[in-house]
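Accompanying notes for the structure given below.
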Amino acid sequence: MTSDAELIGRSVSGDDEAFVELLHRHEAAVWAYVARRVGRGQAKDLVSEVWIAAFGARCSYDPAFPGARPWLFGIARNVLRRHWRARLDEDLEADMEALAKRADPWPVVDERLDGAAILRRILTQLRPEEREVLLLVVWDELSISEAARTVGVPAGTARYHLHRARVALRAAAGLEPLLAGLDAVQNDK
């Protein structure tokens, strides 16, 4: 299988199909990354911006990294930052919990999981950098070093953010019943 770095290199050299293959390879992951942060309604336009930005920045891709997912998530993160900065102050969501409910791409799962509201509340209480690294590792299934590349921090710093997020989750009030419920489900298997 051709690596992402090779596809990007071929794209830079003029192979139009190489970038299309890269897009197909990562479109679901990029969509999920953006949709979890802004909701499905706004994700379509923003994901398009991500791919346009990635195409424009492909010459600067570091071929030492065979996988492009962290690079694409970093581009998506920058697109999201521009999006949030461009919003008018009156459009900004005062209640992060309400934003988290709209940004969840799987409302059907939320209805089945009673602890979703508790977990959302706890996640919104984390420091932004801790929450971002946790979500990249858990939701987006990146390694700590890939999450660090995405966020633009050293791997040790990302590991620290992940540790702090996990400590905060363990200490959060209201999470114990949810974790006990998960343990009971796992013990039934």
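With a point put 7 Å past each Cα toward its Cβ, work out how far A28 is from N78 in nm, to one decimal.
Going by the 7 Å Cα→Cβ label model, 2.7 nm.
Among I122, I52, I8, rank each residue by its count of other Cβ atoms within 10 Å, from fewest to most, as a rough exposure measure.
I52, I122, I8
Using θ = phi - 60° and the Karplus relation 6.51 cos²θ - 1.76 cosθ + 1.60, list the HN-Hα couplings for region 69-79 in order, rounded to whole Hz, with x at every Gly or Pro.
After applying 6.51 cos²θ - 1.76 cosθ + 1.60, I find 4, x, 4, 5, 5, x, 5, 4, 4, 5, 4 Hz.
In whole Hz, with x marking every Gly and Pro, tabulate ³J(HN,Hα) for region 161-170 from phi via Karplus 6.51 cos²θ - 1.76 cosθ + 1.60, θ = phi - 60°.
Working through the residues one at a time gives 4, 5, 4, 4, 5, 5, 4, 5, 5, 5 Hz.
Relative contact order for region 1-92 using alpha-carbon pairs under 8 Å, separation at least 6, rounded to a whole percent?
RCO, region 1-92: 37 percent.
Here, each number is a calculation from the coordinates, and none is a lab measurement. Please read all numbers here as calculations on a predicted model, not as lab measurements. Please note: Cβ atoms are built from the backbone with ideal geometry, for glycine as well, and neighbour counts cover all protein chains shown.
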